[in-house]
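Derivation of every value follows stated rules applied to the coordinates shown; laboratory data play no part. Given the structure is predicted, the values throughout are model-derived calculations rather than measurements. Cβ atoms come from the backbone with ideal geometry, glycine included; neighbour counts cover every protein chain shown.
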Amino acid sequence: MQEEGIGSIVYVSRAVKEISQEDLETLFNSTELNNQDLEITGILLYSDQTFLQVLEGEYPIIKSLYETIVEDSRHEHIVKLVDTAKGNRIFEKYKTGFSIITEKEDMTNLKLLIQQALDKKEHKEVAEKLNYFIA
């Protein structure tokens, strides 16, 4: 069942430099705090200088947030994989902070979301990086 006005944006990007564990924890904590106020759910993953983020929430809010994220100088080579204004939350238990996906259903949902994005011809070049997250 689709939630009225709930959208999803999924992107990958590359950190411009290696990120320390302390900086990573600070980033995850600030992301979680900021997104709680905006009722944004999703996940933020990091591996081998690559970020994968799923943003879920009121579409105008996540669209604006994504536009801010694109301007962030800490990462580059940003590729938007999914951009939909209508849908439902599949990561509602995650407040877009540092989360460990612990339930098989959530990992399956992540794999399906990424696979749908990779089925698009224009995203084949990012498939290798995404294997860090879905292998």
Simple SL model, points at 7 angstrom along Cα→Cβ for SER47 and GLU92; separation in nm is 2.8 nm
Please give the length that would be gained between GLU18 and LYS111 if that part of the chain were fully extended, namely 0.36 nm times their separation in residues minus their C-alpha to C-alpha distance (nm, one decimal). 30.9 nm
Sorted on mean Cβ neighbours within 10 Å (highest first), peptides 68-80, 7-19 come out as 7-19, 68-80
Where in segment 49-66 is the amide nitrogen less than 15 Å from a point lying 7 Å along the Cα-to-Cβ axis of ASP83? 55, 59-66
